[in-house]
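Below is one structure, written out as structure tokens; comments come after it.
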Amino acid sequence: MPRYAQLVMGPAGSGKSTYCSTLIQHAAAINRSVQVVNLDPAAEHFDYPVMADIRELIMVDDVMEDESLRFGPNGGLVFCMEYFANNFDWLEESLGHVEDDYILFDCPGQIELYTHLPVMRQLVEQLQQWEFRVCGIFLVDSQFMVETFKFISGIMAALSAMVSLEIPTVNIMTKMDLLSPKAKKEIEKYLDPDMYSMMEDNSVTIRSKKFKKLTKAICGLIDDYSMVRFLPFDRTDEEGINIVLQHIDFSIQYGEDLEFKEPKEPDEEPDNTNYDDFFQDKEED
């Protein structure tokens, strides 16, 4: 039987560990087995148990304190991940050989790991050799994405990971529960964006013709090929968490031997709830 994996990626502070913690709690509530592997050698603590921790193999602090290496934080992390790539046997031993595993890999946030370094691609290929079906989960902080140009920056980071890893990827806006009611309504347009409309709305703020042309080309690439859309993630909303998990499960064909339904969209819920209802402030709670 196949095994299943989520690579939980995203910039530092985007909520990767919180996402893992929330999914662990949600899985327990629906009587489903999900485990976490920490792949961040600079992590400090977790509020959930991990089945394997890269810090047992190597830690950033140890690398930085080694006088023969003299790495800073970023160089130390890259060294740790390259060391990890040369010791995948440690991971194989830690994972064991249990069929039907479903594992969240909590990854480091440094973007260079997903752009020009081969480490994460090597990890994906190794997991696939171990019969894992792998899905990339790219997280962005919704509080960062409420401005168009920041949103485009977030999209480009997500695209870098998608192109580099060549696996099904689900992009998620985290920390929706921390947004104000006004910000929730404003961010609705960023979930399934019309890039040309967003470009027109902000064209008056772009003074450089070259910058305007570049931005238009980037927006056109994103819009024409429908390369990126985002799902909202509110850790207090069980139904929203379930919708996110359905999309991920569908992308890796989890439970294909069961009667599986294509994931529903937020505006396809039985009570005819649409995005406006979904983002309604929960003051009644």
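Counting only residues that are buried (at least 17 other Cβ atoms within 10 Å of the Cβ) and of a type in the set (F, W, Y), how many does region 143-159 have?
The total comes to 2.
I need a count of the residues in region 173-190 that are over 25 Å from L7 (Cα atoms), open to solvent by 30 Å² or more (accessible area, probe 1.4 Å) and not in a helix (DSSP H, G or I).
Here the count works out to 1.
For D224, indicate whether it is closer than 17 Å to M173 by Cα, at pLDDT below 80 and surrounded by fewer than 17 Cβ atoms within 10 Å (Cβ to Cβ).
No, not satisfied.
Here's a check for you: in region 27-49, which residue that is closer than 14 Å to I103 by Cα and open to solvent by less than 50 Å² (accessible area, probe 1.4 Å) is modelled with the lowest pLDDT?
Here the answer is Y48.
Of all residues in region 28-43, which are in a helix (DSSP H, G or I) and free of Cβ contacts under 8 Å to residues at least 40 places away in the same chain?
A28
Determine if region 52-64 includes at least one residue that is farther than 29 Å from L245 by Cα, in a loop (DSSP other than H, G, I, E, B), modelled with pLDDT under 90 and open to solvent by 10 Å² or more (accessible area, probe 1.4 Å). So that I can check it myself, show each step before the final result.
The first filter runs over region 52-64 and keeps only residues farther than 29 Å from L245 by Cα, leaving 56-64.
Filter again for in a loop (DSSP other than H, G, I, E, B), leaving 57-59.
With modelled with pLDDT under 90 added as a condition, the list becomes none.
No.
Tell me yes or no: at least one residue of region 78-86 is over 17 Å from P41 (Cα atoms), among the β-branched types (V, I, T) and modelled with pLDDT under 95.
The answer is no, given that none of the residues of region 78-86 is over 17 Å from P41 (Cα atoms), among the β-branched types (V, I, T) and modelled with pLDDT under 95.
Between V124, V134, V170, V140, which is closer than 27 Å to L231 by Cα, touching a His at 6+ places or on another chain (Cβ under 8 Å) and either buried (at least 16 other Cβ atoms within 10 Å of the Cβ) or at pLDDT 95 or above (or both)?
On inspection, the qualifying residue turns out to be V170.
The values are calculated or read from the model by the stated rules, or taken from the named source; none is laboratory data. This is a predicted model, so every value here is computed, not measured. For neighbour counting, all protein chains shown are included, and Cβ atoms are generated from backbone atoms with ideal geometry for every residue, glycine included. These area figures cover heavy atoms from the full protein model, side chains too; ligands, DNA and RNA do not enter into them. Shrake-Rupley method; radii C 1.70, N 1.55, O 1.52, S 1.80 Å.
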